[in-house]
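Structure first, commentary second.
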Amino acid sequence: MVQSAPEPPPCPFEKRFPSQLVRDDAFFMALAYNQAIDAWRRDEVPIGCVIERDGEVLALAHNTVEAANDPTAHAEMLAITQAAAAIGDWRLENCTLYVTKEPCPMCSGATLMSRLKRVCYAVPDPKMGCLGGATNLNDLARVNHHLELTAGGVLEDECRALLQAFFRLKRAASDEALSPAPTSASPPPPNAP
């Protein structure tokens, strides 16, 4: 018998609806935040990404690692692929990538290889982040392209709260699933006659 996957914990966060009149870092990060909420609702790690050029959105993506069974299906990788297809060039010059958490080693490398002009991330990642957290690939002297970086600060608290709540609820659900189900009759005490 095939067991169905457990439902993701309900997402207690609401999407943001930023004004279209001011297309600044907060505007684009709010769109990335909304993508992270979409990821949560699909039981994916809630990381969202947006790529823009000249104030226009080229790509929107969120993690789909679980659904795709693909370890490379990170929000940044998917958005980079979408943006390249949208402009018909792998060089994403003059584009900015917004992401709710600092990119991992794979995604940090992809941001450099795709020639993005700038990366703006909300939450620094001291364990796996490679644009300033655990290390900074952008600081390698021999790399032939360097990014402008905005590290943390833009919707940082909101994005951090989203990530922390997701993992807290996932752990609680996992702990609950592992604990034995209560029975109607209590077992006899040890060494009972």
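Could you do me a favour and compute the accessible area per residue for the chain, 1.4 Å probe, result in Å²?
Values: 11100 Å² over 193 residues.
Result: 58 Å² of accessible area for each residue.
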*Specify the inter-centroid distance of the stretch 28-49 and the stretch 126-140, based on alpha-carbon positions, in whole Å.*
22
*What ³J(HN,Hα) values, in whole Hz, does the Karplus curve 6.51 cos²θ - 1.76 cosθ + 1.60 give for the stretch 95-100 when θ = phi - 60°, with x put for Gly and Pro?*
10, 10, 9, 10, 9, 6
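Compute the normalised compactness of the stretch 1-62: alpha-carbon radius of gyration over 2.2 N^0.38 Å, N being the residue count. Don't skip to the answer; put the middle values down first.
On the way: Rg = 14.4 Å, N = 62, 2.2 N^0.38 = 10.6 Å.
For the stretch 1-62, the normalised Cα radius of gyration comes out at 1.37.
Expressed as a whole percentage, what fraction of the accessible surface of the chain belongs to carbon and sulfur atoms when a 1.4 Å probe is rolled over the protein heavy atoms? Mind showing how you got there, number by number?
Values: 6130 of 11100 Å².
Accessible surface attributable to carbon and sulfur in the chain totals 55 percent.
Taking only C-alpha pairs under 8 Å that are 6+ residues apart, what is the relative contact order of the stretch 56-119 in percent?
On the way: 73 pairs, mean separation 19.8, N = 64.
Relative contact order, the stretch 56-119: 31 percent.
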*asked:* Tell me the angle of helix 75-87 to the major Cα principal axis of the chain, expressed in degrees between 0 and 90 and rounded to the nearest ten.
replied: 40
*Which of Val143, Val65, Val119 moves most in a GNM of the chain, Cα contacts under 10 Å?*
Val143
*Note the angle between two axes, namely the Cα long axis of helix 156-178 and the longest principal axis of the Cα atoms of the chain, as a number of degrees from 0 to 90, rounded to the nearest 10.*
30
*For the chain, what is the calculated [θ] at 222 nm in deg cm²/dmol (nearest 500), taking -39500 (n - 2.57) for each run of four or more DSSP H residues and dividing by its residue count?*
-11000 deg cm²/dmol
*Looking at the chain, how many pairs of lysines come closer than 23 Å at the Cα, when each pair is eight or more places apart or spans two chains?*
6
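Name the trypsin sites (Lys or Arg not before Pro) in the stretch 51-159 that are in a loop by DSSP and that have at most 12 other C-beta atoms within 10 Å, would you? Don't skip to the answer; put the middle values down first.
On the way: sites: Arg53, Arg91, Lys101, Arg115, Lys117, Arg118, Lys127, Arg142; in loops: Arg91, Arg115, Lys117, Lys127, Arg142.
Answer by residue number: Lys127, Arg142.
The values are calculated or read from the model by the stated rules, or taken from the named source; none is laboratory data. This structure is a prediction, so every number in the text was calculated from the model and none was measured. Backbone-built Cβ (ideal geometry, glycine too); neighbour counts: all protein chains shown. Only protein heavy atoms, including side chains, enter the accessible area calculation; ligands, DNA and RNA are left aside. Shrake-Rupley method; radii C 1.70, N 1.55, O 1.52, S 1.80 Å.
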